[in-house]
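One structure below.
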Amino acid sequence: MSETKALEDFRRDADAWFAENTPKDVGFMLPLTFMEVGTQQQFDFLRDWQRRVWEAGFLGAAWPTDYGGGGLPQAYQDVATEAGKRAGAPIMLNAIGLNWTGPLILDIGTEAQKAAYIRDILSAEAIWCQGFSEPEHGSDLGSAQTRAVRDGDDYVITGSKIWTTQGNFADYMILLARTDGAPDSRHRGLSFFLSPMKIDGISTTPIRKLTGEYGFTQTFFEGARIPADCRMGAEGEGWKIAVRLLEYERGARGGQAGGHVITDQTPDQMIAMLRRLAGGNGAIADPLMRDELVDILMDYRAIQLNRARSAIAPLVAEAPHSLPLIEKLVWTEFMRSMNQSATSMQGAHGAYYVGDEAAVEDGLWQRAYLNAFSATIGGGTSQIQKNIIGEHVLGLAKDGGGR
C-alpha cells in the first residue's frame, strides 16, 4: 500500500471515529482551554476522554511505540488532530505533558525517564503542571527564588510558584528552582526538576479567574523532599533546559503528541453567529462593521498562509524558527481581538454571560474573549514575545540598536 493511500485511510478512520465518539452534550460546561479546567467533574471527564483518544490510536501517533506511541510519521498525527477539531471534540486534558514535558523528555531525557513518564502522559494517568513563574517576579524567570537544597539523596524544596495550571490535579511538575544562591549565579544557579506533586510539603491554593472559574493555582513548597534523580541534567543547567522547553511551548520546536488543547473560534463561526442574531440585521449589515469583519478575515487568512509557508523548508531556510515564534504572538493577539469584536458586535447582548437567558450562544464568545488573555500571557507575555522576535528573528540588540 502506498504511503499516500495509507494516510488517506487513516484520515477516514479518524474522521469516522471522532464523528461517532465525540459527545454532543455532556450535561455540564466543558472547558474551552486546558487553563479552564476547574472542577472535578470536568477533570474526570477530560481525563477519560484523552485516554479513549489515545487507545483509539489518535493521540501520540508519532511518538515511539516503546513508550506507548504509534510509531507513525508526524503526518498521521496531524490528520488525527484536525479530525478532532472538525468534529468539535473536547480538548486534551494533559496539555503540559503532551506538548512540553513529553517532547522534552523524548529529546533529552534518559531511558529511565522515558520509560517512567511518557506512557502515563499519553494515557492521562499522570497529569503535569509547570512551576516556572513566581509571585513578584512575573516573566523574569532568571530571578526565581524557589530553592532546592541538596540533602543526601534528596533535594529540599522551599518557595512558591504561581499560575500553575491544573496544579491542584497534577501528579508531577516541571520545576525550575535555584540550587546556587550566589549573587552572580542568576541563570547559572538554576536547576530543572521533574518533581512529584502529591508528597508532604507541597500544597496548592486555587486562583479564581476573571471568568469565575479556577483553572490556576498557587503552589507552596514547605521543606518538600524530592529524590535527587528527579533532576534533569546537571546542577546549574536548568536555565538551558527551561529555554528549550519554552521553545515547545511557543511552537518553535516540534515533537508534541498532538490533539488540541484549546478550542479556538473561527471568523466563519463568528459571521454565522452574527447572521443568526436579529435575523441577519444589525452588525452584519452595517458597512463599518463589515469592514471590520473583512479585516478579521484577512488577518486569519494571513496566519493560515504563514502556517503553510513555515512547513516549506526552502521558504524559511534562513530562519526556520522565525514564523513559529511570530505566530505565538500574532495568533494569541488575533484570538483576543476577534473574540472582543464578536462580543461587541452583539450590541446589548454582549453584556450577557454564561447562564444569562439573553446571552448569545450561552455566552460562548464572552467566555472565549476572557479566556483568550491567558494565552497572551502563557509561554511569555506578548511584550516578552516581541523582545524575543526582535532579538532572535530580526537580530536587534537588547538595547534597541542594530547587530
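The values are calculated or read from the model by the stated rules, or taken from the named source; none is laboratory data. Because the structure is a prediction, the values reported are computed rather than measured. Neighbour counts are summed over all protein chains in view; Cβ atoms, including those assigned to glycine, are modelled from backbone coordinates with ideal geometry.
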Would a scan of segment 94-104 turn up a residue that is outside the structural domain of residue 380 (by TED's automatic domain parsing) and in a loop (DSSP other than H, G, I, E, B)? yes
I'd like to check something: does segment 90-107 contain any residue that is farther than 16 Å from residue 192 by Cα, touching a Lys or Arg at 6+ places or on another chain (Cβ under 7 Å) and crowded, with 19+ Cβ neighbours inside 10 Å? yes
Taking only pairs six or more apart or across chains, which ones have beta-carbon atoms under 8 Å, a first residue in segment 48-76 that is without any contact (Cβ under 8 Å) to a residue 40 or more places away in the chain and at positive phi, and a second residue that is surrounded by fewer than 21 Cβ atoms within 10 Å (Cβ to Cβ) and assigned to a helix (DSSP H, G or I)? 71/65
Somewhere in segment 348-365, is a residue in contact with a Pro (Cβ under 9 Å, 6 or more places away or on another chain) and outside any loop (DSSP other than H, G, I, E, B)? no
If we scan segment 20-28, do we find a residue that is in contact with a strand residue (DSSP E or B) (Cβ under 8 Å, 6 or more places away or on another chain) and either surrounded by 15 or more Cβ atoms within 10 Å (Cβ to Cβ) or in a loop (DSSP other than H, G, I, E, B) (or both)? no
Could you check, for segment 110-129, whether at least one of its residues is of a type in the set (Ser, Thr, Tyr) and free of Cβ contacts under 8 Å to residues at least 24 places away in the same chain? yes
Here's a check for you: in segment 45-93, which residue that is in a helix (DSSP H, G or I) and touching a Ser or Thr at 6+ places or on another chain (Cβ under 7 Å) is nearest to residue 251 (Cα to Cα)? 54
